[in-house]
1. Go through B:291, B:49 and list them by solvent-accessible area, largest first, probe radius 1.4 Å.
2. Would you calculate the volume per residue, in Å³, of the smallest convex hull containing every Cα atom of the range A:69-308?
3. Take every residue in peptide B:43-56, count the Cβ atoms of other chains within 10 Å of its Cβ, and give the average of those counts.
4. Kindly rank A:132-141, B:150-159 from highest to lowest mean number of other beta carbons found within 10 Å of each residue.
5. Given a cut-off of 30 Å, name the pairs among A:196/B:32; A:221/B:32; B:32/B:60 whose C-alpha atoms lie farther apart than that in the structure shown.
6. Going by average Cβ density within 10 Å per residue, which order do the peptides B:278-284, B:245-251 take, highest to lowest?
7. To the nearest 10 Å², what's residue A:49's accessible area with a 1.4 Å probe?
8. Other chains' Cβ within 10 Å of A:117-126 residues: what's the mean?
Amino acid sequence: MTTLARAPELPTVPPRTTLTKPRRDWNGWKFVWPFALVFVLTFITPLAYALWLSLFQNKMVGGNQFVGLDNYVFALQDPQFWEGFGRVLLFLVVQVPIMLGLALLAALAIDSARLYATGFYRIVIFLPYAVPAVVAVLMWGFMYGDNFGLAAGINEWLGSEVIRPFAPSWVLISIGNIVTWQFVGYNMVIFYSALKTIPTDLYEAAEIDGARGWQVIRAIKLPGIRGAIVVATIFSIIGSFQLFNEPSVLQPLASNVITGSFTPNMYAYSLSFAGQQYNYSATVAIVMGVITAVIAYVVQLRGSRKEVR
Amino acid sequence: MTTKHRTINPRARRAGSRSRARRRNPLLAPRKSLALTIVTATFLVYALLPIAWLLINATKTQPDLLSTFGLSFGSSFALGDNIAATLAYDDGIFLRWLGNTLLYVLAGAGGATLLATLGGYGLAKYRFPGRGAYFAVVLGAIAVPGTALAVPTFLLFSQLGLTNTPWAIIIPSLVSPFGLYLIWAYTVESVPTEVLEAARLDGAGELRTFFSISIRLLTPGIVTVALFAIVATWNNYFLPLIMLSDPQWYPLTIGLNQWNAQAQGVGAEPIFNLVITGSLLTIVPIVAIFLFMQRFWQSGLGAGSVKQ
């Protein structure tokens, strides 16, 4: 009956039978050292290196010089950086709620047990997640295109240029559609998995109380998956701020609209690989990383606070 | 949050009571709705539209691509010719890219799954010096945008002489903080400490206990992590884009994008039919793996998504 001694939050501690203080147990390191080793090499070291780089400037005269926080001061006043930042922020505010809303609707529909062929729905809606971003963008890019795309076909049929996916005012919507297509199913699965873990007793109580339809969704299902919604929101925020693949692959098709500083990540990339400005590129990456981490943290705090209430 | 965890733990028993309840509670076993099925089918159309477009257009010749409507077939059925041309183009570079992709997936995703499993398990079942800091740093890393690290990683690797080699793709793929987190959550839920205690009393070493007992209990979690790692490495774009300049080491994603870029600019030599057929050939294996493994990831993902 050692199970009784196991506190729910501390299932990690092996029950100790002796009263003396246990000796330090290094056994865990047998398991965690390989991950730690690669983690240090691919996370900690590059991060430290980026911080180091961001404090220097490669000048025409004098070579590599320590400049303190000059790069950061410059980044905070850099219109190209802020323009890209504003773009991903707009993208985040519009695309993420639409995508998560659709994912939630799909998850609720599948969880309602009122669909025919539920399993088929679940798999097919999740399927786009398995398609590589490059292929997804190529497919949509072709479909958007005015050469042999669907957009061209529809415009021809309508007799006017109604759909112009690569026009300046359209291109963010076009990218948003591709991202939504790729990730609705992924978020749907996160929500659906959480819905399945809601205790049945709650539904039984609701049935006795005579709750129906939307009442059950509002009173039981949505509060029950709040944790999953917070997690999905955080991942989507991180994804939006990192936006790179979709605009980068679309760039050849809309080169006059999608510039090298279209998103902060593309900016950091072009600074490095087109401009050789490694120090400033590292600075932009760090500023963006800090902003992302802070916003993710705030969402996490808000999410858990509401959960307590 | 703690109260929520407690209610989640007895998974098996609850599933049983739910299926019993489904029979009598109209909230759990409602009548099927044709209307809802049809409305929800909008999602199916949306998800399948580009894939249908790809399938249809992979059967067209390049002139047909340019002259016929996107969602109708062309005047000839050239799928076989297109596949043969894709595989033969540029001395069969497509097959080389496929081989590279397989190498990156096997080594990268395989290694990532192994490291995440060992690490998540170690964190869940052992108290060791430095555990708190370890956990905090790895969880913090989930929020660090991966691409923020890409440029410094590239500079670091180029100083080590690793760029333009497979190591530049494999080594960064080995670390999956989210995978470690999923295994941690799954271990807490499904590997009872008493079982490990019993094995220890029998004199089994820690690693032997893990490989003979725990790993079986963790299988659904491991498959889930493997699936996400496979998708992530198969679909990887940013990392190989910055690390590789030699087409001999390209994975499929970079190669396809390069083919597509041939259509632009001066002296353009568009091979749209090859890009489309190549895209189709790229998604077929990953979709097959996905469908094959789908019955496993269901249970594995549940653990991670509810425990934040």
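The values are calculated or read from the model by the stated rules, or taken from the named source; none is laboratory data. This structure is a prediction, so every number in the text was calculated from the model and none was measured. So basically every Cβ, Gly included, is an ideal-geometry build from the backbone, and we count neighbours across all protein chains shown. Please note that ligands, DNA and RNA were not included when accessible areas were found on the heavy atoms of the full protein model with its side chains. Shrake-Rupley method; radii C 1.70, N 1.55, O 1.52, S 1.80 Å.
1. On the way: B:291 80, B:49 50 Å².
The residues order as B:291, B:49, largest area first.
2. Details: hull volume 37.0 nm³, N = 240.
Each residue corresponds to 154 Å³ of Cα convex hull volume.
3. Values: counts 12, 7, 1, 8, 13, 4, 5, 12, 7, 0, 6, 6, 0, 0.
So the per-residue partner count for this stretch is 6.
4. Values: A:132-141: 24.8, B:150-159: 20.9.
For the peptides A:132-141, B:150-159, the packing ranking is A:132-141, B:150-159.
5. Details: A:196/B:32 18 Å; A:221/B:32 19 Å; B:32/B:60 41 Å.
The pairs that break the limit, which is 30 Å between Cα atoms, are B:32/B:60.
6. Values: B:278-284: 22.0, B:245-251: 16.6.
Top to bottom by mean Cβ count within 10 Å: B:278-284, B:245-251.
7. Accessible area of residue A:49: about 50 Å².
8. Working: counts 4, 3, 2, 1, 6, 2, 4, 8, 6, 5.
Going residue by residue through A:117-126 and averaging, the value is 4.
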